[in-house]
Amino acid sequence: MSSPYPLGLRLAGLRVVVVGGGAVATRRVPALLDAGADVLLVSPELTPALRAHVDAGRLRWEPRRFAPDDLDGAWLVQAAIDDPAAAAVVSDAAAERRIFCVRADDRAAATAWTPAVTRHGPVTVAVLGGGDPRRAMSVRDAVRALLSAGKGVESVGQRSPVDTPGGREPAVGRVALVGAGPGDPELITVKGWRLLTEADVVVADRLVPGLLLDELRAGVELVDASKIPYGPSRAQEEINRILVDRALAGAFVVRLKGGDPYVFGRGGEELLACAAAGVPVTVVPGVTSSIAAPAAAGIPVTHRAVAHEFTVVSGHVPPDSPASLVRWDALAGLRGTLVILMGLKNLAAITETLIAHGRPAQTPAAVVQEGTTGGQRVLRSTLGAVAADVVAAGLRPPAVVVVGDVVGTLDG
Ligand code: SAH
């Protein structure tokens, strides 16, 4: 058999006909929609997933068997049916009209094959296994592992100098504010991980999982933001300055922050500083410890018939301080789950205030230290006793405090 000729089809706005409404069509349709194809689905029946695409208006459905005229105006057809006689009718109609036809039932009879695919940002890797889809998939899996381990894509993140009227100067780089997740290095997002492997400069927080940094590519400049001297506000200015300066010098800077960048992470200030300097910024959300640390301790922040709300609040300012922006008296009146970050130091004052304003002292409470990491510690208590219990157990930051009836709901 002669070898296939690989192509990247640019299907935006072009008619693609999919014949069949079962499992194969369900797997094929999303990539066609992603490519912007004008999909016509011909099939008497549909899977619920395909029906959802129809209901959302993402494709047109003809609820009947295939007729050769369905291919009029099409650029490509997918015969996603396993009956060889019916598939042959589709592929004959396609051949007559000089349209490529992918066949699920018989690869040897098809004029086109769908490769096994992995996508890595702008890069698409498509593997054809010489007629053996399983071989294609195992090669694809190996390439995917390589790409997500950050190997083989080193040039992707590097900007080349551009010609400017004054000579060759580096183009302006960019900044990505990336949420690193709560602690387990596997809880970073796929996108966050990809950007990290592409970075020229990584500015990391104290709470960022160390293992993530262990795997950066050689030559990356690592700035440890927690080691910046000066007080907290000068340190933030200094971080903003580093982000802007490196990006203006042409680097791709990843600002890696614990949890989610916008949950008590000062991500907004960094975004504004970059915007003011004309540096483009991407924000990649992260798995926040406010939800993940309780989850890792077996505590769901909501549960049917137990809690219909959860509130995340910072406890770093004492409740009676004029600088406090939190209405603790109002929070005391809520029935749902209260998650307190940065709350250990002021925990006695916080719990007393909640009780004084009406939250019952026997409300279940828990503290999760270093949630999702190997060092995770969990303390279960009540609102009335938790502050003393934390001291007795010697718990330390980083920790979240969870107050509400969800604590204990999943305990057997
Ligand atoms: N942006 C982060 C929060 C930054 S504030 C996020 O979305 O998770 C820092 C506070 O987060 C800590 O004081 C602690 O209250 C909480 N925290 C962060 N990581 C934690 C973890 N692994 N376990 C428990 N609490 C954590």
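The values are calculated or read from the model by the stated rules, or taken from the named source; none is laboratory data. Values in this document were obtained by computation on a predicted structure and should not be read as measured data. Here the Cβ positions follow ideal geometry from the backbone for every residue, glycine too, while neighbour counts run over all protein chains shown. When the accessible area is computed, the model is the full protein with side chains, heavy atoms only, and any ligands, DNA or RNA have been set aside. Shrake-Rupley method; radii C 1.70, N 1.55, O 1.52, S 1.80 Å.
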Write down, largest first, the equivalent ellipsoid semi-axes of region 164-284 in whole Å, where each equals the square root of 5 times an eigenvalue of the alpha-carbon gyration tensor. 22, 17, 13
Accessible area in square angstrom per residue, the chain, 1.4 angstrom probe: 51
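Using Cα pairs closer than 8 Å and at least 6 residues apart in sequence, work out the relative contact order for the chain, in percent. It would help to have the intermediate numbers written out before the result.
Values: 807 pairs, mean separation 41.6, N = 412.
With pairs under 8 Å counted, the relative contact order is 10 percent.
For GLU238 and ASP69 in the same chain, what is the full-extension length gain: residue separation times 0.36 nm, less their Cα-Cα distance, in nm? Mind showing how you got there, number by number?
On the way: separation 169, 0.36 × 169 = 60.84 nm, distance 6.63 nm.
Contour length minus the Cα-Cα distance gives 54.2 nm.
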When the chain is treated as a Gaussian network with springs between alpha carbons less than 10 Å apart, the largest mean-square fluctuation among GLY371, GLY57, GLY183 is found at GLY57
Extension gain from THR409 to ILE355, taking 0.36 nm per residue of separation minus the Cα-Cα distance: 17.3 nm
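DSSP beta bridges in region 290-403, what fraction antiparallel, as a percent rounded to 5? Don't skip to the end; give the middle numbers.
Numbers: 16 of 21 bridges.
In region 290-403, DSSP labels about 75 percent of beta bridges as antiparallel.
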Sorted largest first, extent of region 221-380 alpha carbons per principal axis (Å): 57, 35, 27
quick note, the chain, DSSP beta bridge pairs, % antiparallel (nearest 5) is 40
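Roughly what % of DSSP beta bridges within region 164-284 run antiparallel, to the nearest 5?
Numbers: 2 of 20 bridges.
In region 164-284, DSSP labels about 10 percent of beta bridges as antiparallel.
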Can you give the direction-averaged projected area of the convex hull of the alpha-carbon atoms in the chain, in nm²? 27.8
If you project the alpha carbons of region 290-403 onto the principal axes, what extent comes out on each, in Å, largest first? 37, 33, 23
Considering the options THR337, VAL367, VAL16, tell which one lies farthest towards the positive end of the dipole of the chain, charges being +1 on Lys and Arg and -1 on Asp and Glu at the Cβ, about the Cα centre. VAL16
When the C-alpha atoms of region 15-113 are aligned to their principal axes, what extent does each axis show, in angstrom, from largest down? 33, 24, 23
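How large is the dipole of the chain about the Cα centre if only Lys and Arg carry +1 and Asp and Glu carry -1, each at its Cβ, rounded to the nearest 20 debye? Intermediate values should be presented prior to the final figure.
Details: 41 positive and 42 negative charges, 39 e Å.
Roughly 180 debye, rounded to the nearest 20.
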Considering only VAL24, VAL313, VAL301, give the residue with the highest GNM mean-square fluctuation for the chain, with springs between Cα atoms whenever their separation is below 10 Å. VAL24
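Suppose a student asked you for the relative contact order of region 290-403, using Cα pairs under 8 Å spaced at least 6 residues apart; what percent would you report? Numbers along the way, then the final one.
Details: 217 pairs, mean separation 32.7, N = 114.
Across region 290-403, relative contact order equals 29 percent.
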Mind checking the dipole of region 164-284: about its Cα centre, +1 per Lys or Arg Cβ, -1 per Asp or Glu Cβ, Debye to the nearest 20? 220
Using 0.36 nm per residue of separation minus the Cα-Cα distance, give me the extension gain between SER148 and SER2 in nm, one decimal. 49.3 nm
Which of VAL317, VAL143, VAL402 sits closest to the plus end of the dipole of the chain, meaning its Cα is farthest towards the positive end, when Lys and Arg get +1 and Asp and Glu get -1 on the C-beta? VAL143
